[in-house]
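The values are calculated or read from the model by the stated rules, or taken from the named source; none is laboratory data. Just so we're clear, the structure is a prediction, and the values are computed from it rather than from any experiment. So basically every Cβ, Gly included, is an ideal-geometry build from the backbone, and we count neighbours across all protein chains shown.
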């Protein structure tokens with residue numbers, strides 16, 4: 001089990017050495033999924049061995065759960081009791097959306113064209129169930145525009161939901177400005193942070209975020225099948241979960257105890273926790289949070305932004321159509337090339353980009369194509385040599 005992260009410090013060189021996958025490939029694919037460290041693998045093996053041998057897991061590893069709550073809270077500027085454990089980002093978003101006391105003709109404001117489908121379908125479902133409006137706003141030059149979102153908010157808006165960073169083209173959202181508009185009408189500010197958590201600095205209080213959902217398999221450097229949900233103290237008592245189980249209610253000492261049979265929801269984010277915990281996922285996350293906090297969010301962001309700016313600039317010099325916002329604040333660790341919507345999740349309508357994709361795959365560079373865009377996602381384990389190789393391949397493919 002990992003030590004308390006406050007007592008451990010890591011350098012970026014330490015981090016690179018912890019990721020065998022970063023040596024096997026040029027791994028520029030965190031926007032799709034991250035890779036785990038050797039420390040996370042060791043933690044997974046420890047839990048798997050315990051189950052293999054019939055040892056106790058729940059009681060023995062409860063300390064990992066406590067550390068994960070506390071350290072994820074530290075990472076996003078929250079308090080441990082404001083953190084719940086979920087299965088993935090989709091479950092977290094659905095948990096919040098379905099906990100609202102919706103009334104006919106209420107509305108939710110989203111930028112449908114830039115959100116991942118998992119932050120669209122849930123609202124469509126709730127619209128059919130409760131006769132509410134899904135108020136989709138237009139993007140502006142590839143961005144979720146704060147002013148456009150704010151103009152769509154009115155007295156019937158109950159939720160405003162945005163991604164901190166869009167999955168494609170990979171621009172940051174001005175969450176602070178949008179949250180101000182939401183709070184003026186008493187709406188809940190909900191964010192999908194799966195493309196930023198663990199990679200970019202994030203402070204839920206400064207940004208005015210009321211609820212945040214993420215999965216652990218991308219920037220948090222964990223495994224699939226585990227997610228984290230933040231619910232602010234300001235909102236938790238106003239939200240009634242659609243589903244409850246043993247850990248979401250206050251009962252007796254053991255999970256099998258019914259207590260006095262009275263339903264008392266947990267007074268904090270734990271009211272959104274359903275069923276047993278993914279102990280293997282928690283063990284992996286315990287180790288990765290140790291590493292992320294040991295390096296520091298600001299240092300990680302500085303590192304990945306230097307690499308992404310160099311990659312974007314180099315690709316532009318080679319004549320590739322890089323999607324890049326003019327404002328520095330809107331740029332992220334995700335670099336995309338092409339025209340949004342000109343293609344699908346496998347190919348681009350631009351044959352030059354398909355040629356580049358083939359060359360990258362042949363050279364064992366991990367990346368993705370999304371909505372016709374060639375997409376690179378960088379993290380702490382990437383280095384200058386990775387950027388050099390991508391640019392070298394891009395230079396050859398351009399001729």
Legend entry - Hey, residue 190 in contact (Cβ under 8 Å) with a residue 40 or more places away in the chain, buried (at least 20 other Cβ atoms within 10 Å of the Cβ) and within 30 Å of residue 42 (Cα to Cα) or not: no
Inset, instruction - Identify all residues within segment 106-145 that are in contact with a strand residue (DSSP E or B) (Cβ under 7 Å, 6 or more places away or on another chain), buried (at least 18 other Cβ atoms within 10 Å of the Cβ) and in a helix (DSSP H, G or I); write none if there are none. - result: 119, 123
Inset, instruction - Answer yes or no as to whether residue 197 is surrounded by fewer than 22 Cβ atoms within 10 Å (Cβ to Cβ) and either in the same structural domain as residue 267 (by TED's automatic domain parsing) or in contact with a strand residue (DSSP E or B) (Cβ under 6 Å, 6 or more places away or on another chain) (or both). - result: no
Legend entry - Lone qualifier among 148, 214 - being within 25 Å of residue 286 (Cβ to Cβ) and outside any loop (DSSP other than H, G, I, E, B): 214
Legend entry - Single unsatisfied condition, residue 305 versus (1) in contact with a strand residue (DSSP E or B) (Cβ under 9 Å, 6 or more places away or on another chain); (2) surrounded by fewer than 23 Cβ atoms within 10 Å (Cβ to Cβ): (1)
Legend entry - residue 247, sole failed condition from (1) part of a helix (DSSP H, G or I); (2) buried (at least 21 other Cβ atoms within 10 Å of the Cβ): (2)
Inset, instruction - Could you please let me know if residue 175 is in the same structural domain as residue 268 (by TED's automatic domain parsing), in contact with a strand residue (DSSP E or B) (Cβ under 9 Å, 6 or more places away or on another chain), at pLDDT 95 or above and crowded, with 20+ Cβ neighbours inside 10 Å? - result: yes
Legend entry - Filter result for residue 202 (assigned to a loop (DSSP other than H, G, I, E, B), touching a helix residue (DSSP H, G or I) at 6+ places or on another chain (Cβ under 6 Å), touching a residue at least 60 places away in the same chain (Cβ under 8 Å) and within 25 Å of residue 148 (Cα to Cα)): yes
